[in-house]
Amino acid sequence: MLEHILSAEFVGASQLRSQLDRTEVIATWGSDSVSVDLQVRKPYEHAALPEALVPVDAQVHDPSGAYVGEILVWTDRGATLAALEFAWVTDEMPTSLPAIVEGQLSWPA
């Protein structure tokens, strides 16, 4: 999913993409959360994003096309991948990350 989201072009995108094979999940945001903290193993190339939030539009829709949330990718001071967040607007917390269906993020998968 990170590879799909980071395929967008923005300042620092190529550096963040180069970190993908060195990135691992180090914690979840809660016992039932699908949002996770990430850590990039050294050596890595620093990105130079002006903000901590990666500037991509990663909206998530259900199979009928209704908006159910978005995926946010966070960095550590704009330099390295730090977190993947499923920010949902549904009544129920998601139990899985969305799938990529026809180039779009879809949930439930």
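The values are calculated or read from the model by the stated rules, or taken from the named source; none is laboratory data. Because the structure is predicted, anything quoted here is derived from the model rather than measured. Glycine also receives a Cβ, built like all others from the backbone with ideal geometry; neighbour counts cover every protein chain displayed.
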Item to check | Considering residues of the range 65-76 that are modelled with pLDDT of 95 or more and of a type outside the set (A, V, I, L, M) only, the residue nearest to the chain's Cα centre (by Cα) | outcome: TRP74
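Within the range 58-97, which residues are under 15 Å from ALA13 (Cα atoms) and in contact (Cβ under 8 Å) with a residue 24 or more places away in the chain?
Let us first name the residues in the range 58-97 that are under 15 Å from ALA13 (Cα atoms), namely 58, 72-82.
Matches in the range 58-97: ALA58, VAL73, THR75, ASP76, ARG77, GLY78, ALA79, THR80, LEU81, ALA82.
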Next on the checklist: If ALA27 meets every condition in (1) touching an Asp or Glu at 6+ places or on another chain (Cβ under 6 Å); (2) within 17 Å of LEU72 (Cβ to Cβ); (3) not in a strand (DSSP E or B) apart from one, which number is that one?
Outcome noted: (3)
Checklist entry - For the range 3-34, how many residues are among the acidic types (Asp, Glu) and either under 20 Å from LEU105 (Cα atoms) or in contact (Cβ under 8 Å) with a residue 60 or more places away in the chain (or both)? => result 3
Next on the checklist: Within the range 70-78, does at least one residue satisfy the condition of being loosely packed, with under 13 Cβ neighbours inside 10 Å and either among the β-branched types (Val, Ile, Thr) or under 21 Å from LEU20 (Cα atoms) (or both)?
Outcome noted: yes
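How about the range 32-86: which of its residues are part of a strand (DSSP E or B) and on the phi > 0 side of the Ramachandran plot?
First pass over the range 32-86, keeping only residues part of a strand (DSSP E or B): 36-40, 53, 59-61, 67-76, 80-86.
GLY69, the sole residue that qualifies.
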